[in-house]
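> Below you will find the structure I want to go over with you.
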Ligand code: PLP
């Protein structure tokens with residue numbers, strides 16, 4: 001079959017593939033524990049449901065403007081004012097089908113063939129493929145000191161005349177860490193001095209722990225939205241647990257938003273009307289669900305970190321936010337794909353290999369499930385890896401005997 005070079009260069013989303021594998025195994029009655037997931041368990045806020053249903057009840061579900069319905073743009077403007085202390089105009093906003101599409105159309109709008117996009121490792125799995133789809137070249141940057149925190153020197157070193165943008169995601173998927181205010185300020189200044197864009201992927205910045213507060217990138221520039229190089233991405237997906245609605249947005253200079261809108265209008269047209277009205281309901285409604293989710297995740301994080309720390313040889317950096325942590329298992333196995341496959345085969349625990357995020361030896365483990373899943377999942381991992389644990393383990397009423405370490 002004739003498949004384009006571009007299509008051949010793009011890999012399948014490993015996280016979506018893992019969801020399929022887990023579902024297939026569960027259908028066969030296997031006692032799978034899914035620590036690979038990327039969405040909170042909580043329900044859609046009631047205000048979102050009511051707002052969405054009101055539209056559905058009219059029976060008038062039509063095309064929407066390519067850059068989003070005015071009511072949602074208004075809610076996004078209000079959100080930006082409240083959380084970024086920034087007044088923006090409707091022309092500075094595009095609503096897309098998820099943060100993913102907002103980032104994708106931004107990349108289409110700014111990249112010429114072979115332009116480079118720099119992002120720190122570990123990184124969200126989709127960045128390299130999205131950059132490639134837009135004709136660009138992904139340039140991941142590893143911290144020279146081996147941590148999750150590249151320095152401004154590490155970033156500066158990989159810049160070239162072809163660099164068009166830097167992407168920062170804080171708190172970070174997969175590590176859960178937040179970059180410091182100082183680092184983000186340095187990156188804002190670097191982008192301004194080099195005249196390159198900074199895409200701030202703030203997808204998780206309301207889900208942060210231990211009294212930390214989100215870092216507002218606009219605080220580090222004297223420029224206004226029109227002249228700044230900032231493209232700020234948000235979505236309802238994670239903070240309101242509304243992943244299935246597919247609504248995200250970008251704030252950027254109006255000329256760029258116009259270009260992004262043209263692209264989106266030819267690509268998908270405006271996002272689905274019921275989803276946009278659901279997002280209006282969520283943004284304008286009672287906000288208690290975010291705090292409830294945040295507290296649940298913080299508690300889950302504590303349990304996961306405590307359990308992982310009890311495994312000999314596993315080192316873990318405590319996540320500041322998100323619902324992921326990214327422990328280092330290299331004392332047991334350096335090849336993360338092999339390790340992930342091993343854990344699925346032997347103890348039916350789904351994890352995501354660190355290699356997919358640009359860092360070998362690690363696994364991404366999600367703590368967005370239940371405490372029971374977290375406890376049992378880590379217990380199974382510990383049993384599979386640590387030869388000091390008991391020789392037998394029960395998965396339901398199935399007895400496993402460890403005959404490999
Ligand atoms: N950015 C990051 C860092 C993510 O982890 C995700 C989803 O997992 C997205 C963006 C995409 O969000 P959405 O579901 O709104 O497209």
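The values are calculated or read from the model by the stated rules, or taken from the named source; none is laboratory data. Everything numeric in this text was worked out from a predicted model, so none of it was measured. Neighbour counts are summed over all protein chains in view; Cβ atoms, including those assigned to glycine, are modelled from backbone coordinates with ideal geometry.
> Kindly check whether there is at least one residue in the range 270-288 that is surrounded by fewer than 24 Cβ atoms within 10 Å (Cβ to Cβ), touching a helix residue (DSSP H, G or I) at 6+ places or on another chain (Cβ under 7 Å) and part of a loop (DSSP other than H, G, I, E, B).
Yes: the range 270-288 contains one or more residues that are surrounded by fewer than 24 Cβ atoms within 10 Å (Cβ to Cβ), touching a helix residue (DSSP H, G or I) at 6+ places or on another chain (Cβ under 7 Å) and part of a loop (DSSP other than H, G, I, E, B).
> Mind telling me which of the residues 364, 380 ends up being in contact with a strand residue (DSSP E or B) (Cβ under 6 Å, 6 or more places away or on another chain), in a helix (DSSP H, G or I) and closer than 16 Å to residue 307 by Cα?
380
> Of all residues in the range 1-47, which are at pLDDT 95 or above and over 22 Å from the mean Cα position of the chain (by Cα)?
Matches in the range 1-47: 46, 47.
> Just give me the residues in the range 91-114 being within 13 Å of the ligand (Cβ to nearest atom) and either in a helix (DSSP H, G or I) or over 22 Å from residue 206 (Cα atoms) (or both), in sequence order.
98, 99, 100, 101, 102, 103, 104, 105, 106, 107
> Looking for whichever is part of a loop (DSSP other than H, G, I, E, B) and closer than 26 Å to residue 352 by Cβ here; the options are 224, 210. Which one fits?
210
> Got a sec? Which of 88, 117 is part of a loop (DSSP other than H, G, I, E, B) and in the same structural domain as residue 154 (by TED's automatic domain parsing)?
88
> Would you be able to tell me the number of residues in the range 129-147 that are outside any strand (DSSP E or B), within 16 Å of the ligand (Cβ to nearest atom) and in contact (Cβ under 8 Å) with a residue 40 or more places away in the chain?
Adding up the residues that qualify gives 2.
> Filter the range 368-377 down to the residues that are out of contact with any strand residue (DSSP E or B) (no Cβ under 7 Å at 6 or more places or on another chain) and more than 18 Å from residue 16 (Cβ to Cβ) and list them by number.
370, 371, 372, 374, 375
> Also: Among the residues that make up the range 222-237, is at least one of them out of contact with any helix residue (DSSP H, G or I) (no Cβ under 8 Å at 6 or more places or on another chain) and within 12 Å of the ligand (Cβ to nearest atom)?
no
> Sticking with this one: Within the range 64-86, restricting attention to residues that are closer than 24 Å to residue 265 by Cβ and out of contact with any helix residue (DSSP H, G or I) (no Cβ under 8 Å at 6 or more places or on another chain), which residue is surrounded by the most Cβ atoms within 10 Å (Cβ to Cβ)?
Going through the qualifying residues, I end up with 80.
> Among the candidates 18, 6, 25, which residue alone is outside any loop (DSSP other than H, G, I, E, B), more than 30 Å from residue 287 (Cβ to Cβ), touching a residue at least 40 places away in the same chain (Cβ under 8 Å) and within 16 Å of the ligand (Cβ to nearest atom)?
Among 18, 6, 25, only 18 is outside any loop (DSSP other than H, G, I, E, B), more than 30 Å from residue 287 (Cβ to Cβ), touching a residue at least 40 places away in the same chain (Cβ under 8 Å) and within 16 Å of the ligand (Cβ to nearest atom).
> Name the residues in the range 178-212 that are within 15 Å of the ligand (Cβ to nearest atom) and out of contact with any strand residue (DSSP E or B) (no Cβ under 8 Å at 6 or more places or on another chain), would you?
206
> Considering the range 153-164 alone, what residues qualify as being assigned to a helix (DSSP H, G or I) and under 16 Å from residue 200 (Cα atoms)?
The answer is 155, and nothing else.
> With (1) under 30 Å from residue 369 (Cβ atoms); (2) out of contact with any strand residue (DSSP E or B) (no Cβ under 6 Å at 6 or more places or on another chain); (3) away from the ligand (no atom under 15 Å from the Cβ); (4) in contact (Cβ under 8 Å) with a residue 40 or more places away in the chain as the list, and residue 38 as the residue in question, which single condition is left unmet?
(3) is the only condition that residue 38 fails.
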